[in-house]
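Enquirer: Supplied in structure tokens, the structure appears directly below.
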Amino acid sequence: MTGPATIFDRPNRYIGTAEPRADAARLLQGRGRFVDDIQLPRMVHAAFLRSPHAHARIVSLDVAAARAMPGVAAVWTGAEMAAHVTPWVGVLTHLAGLRSPPQPALAVDVVRWQGEPVAMVVAATRAEAEDAVERIEADYDPLPAAVRMEEALSPDAPVIHPEFGSNLAWERRVETGDMAAAMAQPGVTVVERTFRFGRHTGVTLEPRATVMDYDPAEDRLTMHYSGQAPHMMQVVLSRHLGLPEENIRVISNDVGGSFGIKIHTYGDEIAVGAAARLLRRPVKFVADRMESFMTDIHARDHVVTGRIGVHADGRIAGLEIDDLTGIGPFSMYPRTSAIECNQVLNLTGAPYRMEAYRARGRVVFQNKNMMCQYRAVGHPIAMAVADGLLDEAGRALGMDPVVIRQRNLIADDAYPTTSASGMKLDDLSHQKTLAKLVEVMGYEALRADQAAARARGVHRGIGILSMVEVTNPSPMFYGIGGAPIASQDGATVRLDAGGALHISSSVTEQGQGTNAILAQIAAGVFGVDIGRVKVTTGDTATVPYGGGTWASRGAGIGGEAMLLAAHALKEQVLEVAGVMLQAGVESLDIRAGKIVDEATGAERMGLADLARTVYYRGNELPADLKPELVATRHYRVSDMPFVFTNGAMGAYVEVDTDTGFTKVLGFWAVEDCGRVINPMLVDEQVRGGVVQGIGGALYEECLYDDQGQLLNTTMADYLVPMAAEMPDIVVAHVETPTKTSILGAKGAGEAGTGGAPGAILNAVNDALAPLGASVWQMPITPERVLRALGVVAD
Amino acid sequence: MTGMARLTCRVNGEEVRAEVPVRRNLLDFLRNDLGLTGSHAGCEHGVCGACTILVDGVTVRGCLMLAVQAEGAEVVTVEGLAESGRSAALAAAFTARNALQCGFCTPGMIASALEYIDGGGGPDRAAIRAHLSGNYCRCTGYQAVVDAVCDVIGGAAK
């Protein structure tokens, strides 16, 4: 019998090949099924009145004129909606001490950020709903706003939630080793810098979108959901609308980008569910782009002071960080807004050996839009701080960035081991990965080019970064803290009468190619042509129960469940075949849709023959044979809190010292995501991640004034990377499969976003160093570069 | 209530007669009135390019044109490009290169790429990148899109 250990060498090998995605054709013909494409009978449309103030008391809301507008079906104020939706609290017990007050779907009495929904109009068309929103008379009494996180904890700052007495939401400390002693050793050079990371956001090209369809006959609510975690959303709706979980169906078809943005609980979307139930008709809400900028979760917003001490030979003696991060007026539900800070503390310096590590993180409330988990949660901060400090230390010692990393990276043969922050690490390959990066980027030649350019007065810089990435999370990520978020995922594989496989999985597709890799795994492990595998994901009514796709877990966890299910079904089918053919199960195999002789490959029976006999003519089978042509398996990571991956990235930039403009000339990413299931999909995901990371490093920032007004709420004002600014990106792999699964796959989706910002920062500072300048704030805008150069003064 | 107007135009080769609110943009008309949901609303202010369509052979932003402005015009959407086979080579190259992930930008990307190719554009990566700079993609990193366009141009030249 072929066991799981040999699945990678089978004749129907799809794991590891660049299979094109079956669902591409549909999207290329304009036949996608995005939420806004749904038109249901009697459907009405929602629009929201949103707070124009960062912090204000609602004095009065007069909705009478709005209710009288043409096409209007209903209007609810926040207080009225509160009768139908219970508030939520974004805390988890494993984040000890985290606090956040109850948050209503729509603001009641007080508004706490500009853009917070205040009232809801439902009308025949979105245009009519917006017309009616314009007629709501709202009177506010503005309150002092706590906007800048650096001032949010000062004694004279306005306290956003008076019952808490301060704006501190959470604080955590980590201490390993004796920091004072480590730093005080003779010959230790200490470097300290303060890093600032601006707020940015996901800018999913498809905005947040929801259609809620309520059937009063069965008391059943169907949510058409543009998001990542259908089963989580089922629980959230159940809890806060007061419907049994089983009466809620959440369906995700095509999702136009999510990146973590669409995995959270947004009051406007939950209110749409309540409206559908109250009106007994379908209600659609699609955020417009201004609403997206004001209310899609923002990301980052950190100030980190970091100190590193290095010995004369480059070895790290100690690393110390103090992270302050602003999360808006509430902690987001149900994942909380403290996870990013937690990750920063866990991950900073994790690729490196050190004698002492000390970290403090503080998470503060402020009157800005809410901040929460976006792609590469915490990683860009952790990696840029550690590697930025390491480069500064290297400059102080006159040591090359590659050399100082070689001195400090945890050795490839040192696993399993534990990071200074206490993270369990296994199956990593930092040294091999860095060596491969040096090779693929042609490091020496680039240094020569840099020197030649410098001689011409052109300032180029090379940035190197080594990183870890958290993937395949276990229950330790959310479930342990009480979040209704499954850490295990399930897969079902069914052999149909025609000999095709129908597979379903609880992980979800947002364009990564989840469905494609699930089909590759099922086809290869079971033994059919991939064209005969049909995939269903994203429907709580039909797929196994599971967590969905986030934290780079779709391939590693969902893929392993699929492997186990396909292998189980194969064993079940071979058992039936053995009886029908009067042959030993060990002498049979399934290849290319046929039962074959294991040794010779000779065909014994078609799968369709077997399946049709079982389904149609069971009378031909022995009475004691109970064929099962469907198998379901679940998988969770049980022996590690997370399965870490590692990578190394290199950036080559040119800084124009007259304009301050940074051009990315080249980018290289070497990634170890374990076993690569589909190299084409992985490479383009890494590239897409790098581009989002470059966006955060150079362009993207949600700019607030000191009154808490968001200044850039259009795509013309908020810059994202476009085709012309981006270089070709070279991606290479080192494959160290994780021992936690048979498949051996780790995540790959977030590495680029986590590593690119630090690589770019290091490259810019490499370019600026001979000019005596450096930049420690992202995005690295032309203005900030010119200020660093002293060309522009305050 | 806004005013209504009569509209007659051709969409993907078929004559369309409709009465539309004068304030309705062409994108909403195509999506909501005609059920042609391949063109997408990403920003509704002409920046993201997800609603790029062809009007009288020229790429336009469906969100920046009122439906009534299409009076007498020949409108072609991604559905029409696919149905007529005009986008077939690009679609094959996009699939082979995985030049799409979520697929939301893809219909607009196809229209812009087709304009470049049909306009005689060469396999010059910088020129292709410049031409596609009106089309946001948040997933791919653009490289595979450029590869796919080059493949089509290279294939046509052989």
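Enquirer: Any idea which residue in segment A:670-682 is surrounded by the most Cβ atoms within 10 Å (Cβ to Cβ), counting only those that are more than 8 Å from chain B (Cβ to nearest Cβ) and in a helix (DSSP H, G or I)? Give the steps one after another, and end with the answer.
Expert: Quick first cut of segment A:670-682, residues more than 8 Å from chain B (Cβ to nearest Cβ) only: A:670-679, A:682.
Subsequent filtering for residues that are in a helix (DSSP H, G or I) retains A:679, A:682.
Numbers: A:679: 14, A:682: 25.
Checking each candidate, the answer is A:682.
Enquirer: Being in contact with a Phe, Trp or Tyr (Cβ under 9 Å, 6 or more places away or on another chain), in contact (Cβ under 8 Å) with a residue 60 or more places away in the chain, within 18 Å of residue A:369 (Cβ to Cβ) and assigned to a strand (DSSP E or B) is true for just one of A:118, A:147. Which residue is that?
Expert: Details: A:147 fails: assigned to a strand (DSSP E or B).
The conditions single out A:118.
Enquirer: Quick one: would you say residue B:101 is over 19 Å from residue B:57 (Cβ atoms) and touching a Cys at 6+ places or on another chain (Cβ under 7 Å)?
Expert: Judged against the criteria, residue B:101 is a match.
Enquirer: Let me ask another. Restricting attention to segment A:398-407, does a residue exist that is within 27 Å of the chain's Cα centre (by Cα) and in contact (Cβ under 8 Å) with a residue 60 or more places away in the chain?
Expert: Checked against the condition, which is being within 27 Å of the chain's Cα centre (by Cα) and in contact (Cβ under 8 Å) with a residue 60 or more places away in the chain, segment A:398-407 yields no hits at all.
Enquirer: Are there any pairs with C-beta distances below 8 angstrom linking a residue in segment B:121-136 that is facing chain A (nearest Cβ under 8 Å) to a residue that is among the aromatic types (Phe, Trp, Tyr) and part of a loop (DSSP other than H, G, I, E, B), with the two at least 6 apart or on different chains, and if so which?
Expert: Once the first residue is facing chain A (nearest Cβ under 8 Å) and sits in segment B:121-136, its partners that are among the aromatic types (Phe, Trp, Tyr) and part of a loop (DSSP other than H, G, I, E, B) give B:129/B:142; B:132/B:142.
Enquirer: Now for a different question. Name the residue, out of A:514, A:536, A:542, that is without any contact (Cβ under 8 Å) to a residue 60 or more places away in the chain, open to solvent by less than 20 Å² (accessible area, probe 1.4 Å) and of a type in the set (Ser, Thr, Tyr).
Expert: Working: A:536 fails: open to solvent by less than 20 Å² (accessible area, probe 1.4 Å); A:542 fails: open to solvent by less than 20 Å² (accessible area, probe 1.4 Å).
It is A:514.
Enquirer: Among the numbered criteria (1) surrounded by fewer than 18 Cβ atoms within 10 Å (Cβ to Cβ); (2) within 14 Å of another protein chain (Cβ to nearest Cβ); (3) among the basic types (Lys, Arg); (4) touching a helix residue (DSSP H, G or I) at 6+ places or on another chain (Cβ under 6 Å), which one does residue A:26 miss?
Expert: (4)
Enquirer: Only one residue in A:306, A:349 is in a loop (DSSP other than H, G, I, E, B), open to solvent by less than 10 Å² (accessible area, probe 1.4 Å), over 24 Å from residue A:87 (Cβ atoms) and touching a residue at least 60 places away in the same chain (Cβ under 8 Å), so which one is that?
Expert: A:349
Enquirer: Sticking with this structure for a sec: Quick check on segment B:1-36: of everything there that is more than 16 Å from the chain's Cα centre (by Cα) and of a type in the set (Gly, Ala, Ser), which residue is nearest to the other protein chains (Cβ to nearest Cβ)?
Expert: Selected residue: B:3.
Enquirer: To continue, here is another question. Among the numbered criteria (1) assigned by TED's automatic domain parsing to the domain that holds residue A:570; (2) within 18 Å of residue A:227 (Cα to Cα), which single criterion is violated by residue A:498?
Expert: All conditions are met except number (2).
Enquirer: Then there is this: Collect the residues in segment B:118-136 that are among the hydrophobic types (A, V, I, L, M, F, W, C) and open to solvent by 10 Å² or more (accessible area, probe 1.4 Å), keeping them in residue-number order.
Expert: B:126, B:127, B:130
Enquirer: How many of the residues making up segment A:728-747 are buried (at least 22 other Cβ atoms within 10 Å of the Cβ) and within 14 Å of chain B (Cβ to nearest Cβ)?
Expert: 2
Enquirer: Sort out which residues of segment A:270-290 are assigned to a helix (DSSP H, G or I) and within 11 Å of chain B (Cβ to nearest Cβ), and write them in order of number.
Expert: Matches in segment A:270-290: A:289, A:290.
Enquirer: Could you pull out the residue among B:83, B:79, B:115 that is open to solvent by 10 Å² or more (accessible area, probe 1.4 Å), more than 7 Å from chain A (Cβ to nearest Cβ) and within 24 Å of residue A:254 (Cβ to Cβ)?
Expert: The conditions single out B:83.
The values are calculated or read from the model by the stated rules, or taken from the named source; none is laboratory data. In this text, all values refer to a predicted model and were calculated from it rather than measured experimentally. Methodologically, a virtual Cβ is constructed for each residue, glycine included, from the backbone with ideal geometry; neighbour enumeration extends over all protein chains shown. Keep in mind that these areas ignore ligands, DNA and RNA; they rest on the heavy atoms of the full protein, side chains included. Shrake-Rupley method; radii C 1.70, N 1.55, O 1.52, S 1.80 Å.
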